[in-house]
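The values are calculated or read from the model by the stated rules, or taken from the named source; none is laboratory data. It should be emphasised that the depicted structure is a prediction, and the values quoted were computed from it without experimental measurement. So basically every Cβ, Gly included, is an ideal-geometry build from the backbone, and we count neighbours across all protein chains shown. For the accessible areas, the whole protein counts, side chains as well, though only heavy atoms, and no ligand, DNA or RNA atoms are used. Shrake-Rupley method; radii C 1.70, N 1.55, O 1.52, S 1.80 Å.
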Amino acid sequence: MKLATLKNGTRDGKLVVVSRDLTRCTDAADIAPTLQAALDDWAEAAPKLAALAESLEHGSVPSERFHEHDCLSPLPRAYQWADGSAYVNHVELVRRARGAEMPQTFWSDPLMYQGGSDSFLGPRDPIRMADEAWGIDMEGEVAVIVDDIPAGAGTKQAREAIRLVMLVNDVSLRGLIPAELSKGFGFFQSKPSSAFSPVTATPDELGDAWDGGKLHLPLNVDLNGKPFGRADAGVDMTFDFATLIAHAAKTRPLCAGSIIGSGTVSNKLDGGPGKPIAEGGVGYSCIAEIRTIETIETGGPKTPFLRFGDIVRIEMKDAHGHSIFGAIEQKVEKS
């Protein structure tokens, strides 16, 4: 089934079930007023939501036209947003560009940061920033929403706790990152509010593309209407979601509704750095990566970070070319 949260004047919006083709939706308030409420009692709510989804497909329940611009992020705010960096190729390139050696442990122990989860952007909300000099960047990612997970859970338990899958634009301010990291205390100002796809889907909706821990489909990232990235989310993912979730739960429990991100989707090409789509590669899911490759190859970056007026679009389509989660589409504006 596919679920979304529509704007209704409240912080948490209202939960709706969405048709598979993303054209219609039906109110799920009789089952759960919000997605978080459904996740808090998933064993009870999920079968009812699935039955409602089936009725929607058959046209046997009242429905209305589904409009992606009416959506908040599926969870407009969450108890936890922990973002990994599962595509180590991306980490290696970024570190190499700034002359930092990558420890070998990065290939066996995931990187993860705890992001702000109290004010997610809607999928069509603008990215408002005060200064272009902050180095505004998009990061196209996949994320999962989990059920309650006890501290110390293993990968099997983690995999079984994945309830929903969605897309992310993890907005980053590259110009602020180095100074923050140099303090040795991690990201804060350099990681503003993220945006998530209009729709979140249960793993069974993804068919063979979902193997239990990875989503094997290209992530479409467009910049100003032109293809920027088509990296496959299932390729070069060093740590699958079960591993990321178990890493997050090593010393603490995760409550229902916690979101775990994959980090920037990144593919190698013939064992080396990726190439732009125009040059026969699959492109990139963030600007920082193409800038690092430009730095490695020519001594300096050429591609600018996002500027006011730029439009970012992030979407994933199934094998038949149909949008699975709807699109994140955001314009960069001056605040």
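Things worth noting here:
- At 1.306 mPa s and 10 °C, Stokes diffusion of segment 48-192 via Kirkwood alpha-carbon radius, µm² per second: 86 µm²/s
- Value at 222 nm in deg cm²/dmol, rounded to 500, when DSSP H runs of n ≥ 4 in the chain each add -39,500 (n - 2.57): -5500 deg cm²/dmol
- Packing, taken as the mean count of other beta carbons within 10 Å per residue, orders the peptides 37-46, 198-207 from highest to lowest as 198-207, 37-46.
- Subtracting the Cα-Cα distance of Arg252 and Lys156 from 0.36 nm times their residue separation leaves 32.9 nm of extension gain.
- Considering only Ala100, Met112, Pro126, and ranking their Cα positions along the charge dipole of segment 99-150 that arises from unit charges at the beta-carbon of Lys, Arg, Asp and Glu, the one farthest toward the positive end is Pro126.
- One decimal place: the segment Lys331-Ala29 gains 105.6 nm when fully extended, by the rule 0.36 nm per residue minus the C-alpha distance.
- FRET efficiency, 1/(1 + (r/R0)^6) with R0 35 Å, evaluated for His67 and Phe106 via beta carbons: 0.25
- The 3J(HN,Hα) values that the Karplus relation (6.51, -1.76, 1.60; θ = phi - 60°) gives for segment 287-296 are, in residue order, 6, 4, 5, 5, 5, 5, 5, 4, 5, 5 Hz. Gly and Pro appear as x.
- Extending 7 Å from the Cα toward the beta-carbon at both Phe188 and Phe308 defines two label points whose distance is 2.8 nm.
- Cα-based Rg of segment 179-259 normalised by 2.2 N^0.38 Å, two decimals: 1.38
- Rule-of-thumb Rg ratio for the chain [Cα; 2.2 N^0.38 Å; N residues]: 0.96
- Virtual spin-label span in nm between Asp232 and Arg77, 7 Å along Cα→Cβ: 4.1 nm
- Debye equation applied to the C-alpha atoms of segment 260-320, log10 I(q)/I(0) at 0.19 Å⁻¹: -0.87
- Listed peptides 100-107, 229-236 by packing density, highest first (mean Cβ within 10 Å): 229-236, 100-107
- Environment charge at Lys7 (Cβ cut-off 15 Å; Lys +1, Arg +1, Asp -1, Glu -1): -1
- Pairwise label distance in nanometres, Ser119 with Ala51, each label 7 Å out on the Cα-Cβ vector: 4.1 nm
- Span from the segment 133-164 Cα centroid across to the segment 51-94 one, whole angstrom: 13 Å
- Sites Asp270 and Arg128, calculated FRET efficiency, Cβ-Cβ separation with R0 45 Å, nearest 0.05: 0.70
- One decimal place: the segment Ser60-Arg95 gains 7.2 nm when fully extended, by the rule 0.36 nm per residue minus the C-alpha distance.
- Thr26, Thr251, ranked by accessible area, largest first (probe 1.4 Å): Thr251, Thr26
- Surface composition of segment 181-335: carbon and sulfur make up 51 percent of the accessible area, probe 1.4 Å.
- In terms of distances greater than 18 angstrom between alpha carbons, the cross-link table entries Lys2/Lys331; Lys275/Lys302; Lys214/Lys317; Lys302/Lys331; Lys2/Lys317 yield Lys2/Lys331; Lys302/Lys331.
- Rounded accessible area per residue of segment 36-184, 1.4 Å, Å²: 45 Å²
- Principal semi-axes in Å for segment 295-335 [√(5λ), Cα gyration tensor, largest first]: 29, 19, 5
- Low-density loop cleavage sites - trypsin sites (Lys or Arg not before Pro) in segment 279-321, where at most 13 other Cβ are within 10 Å (DSSP): Lys302, Arg307
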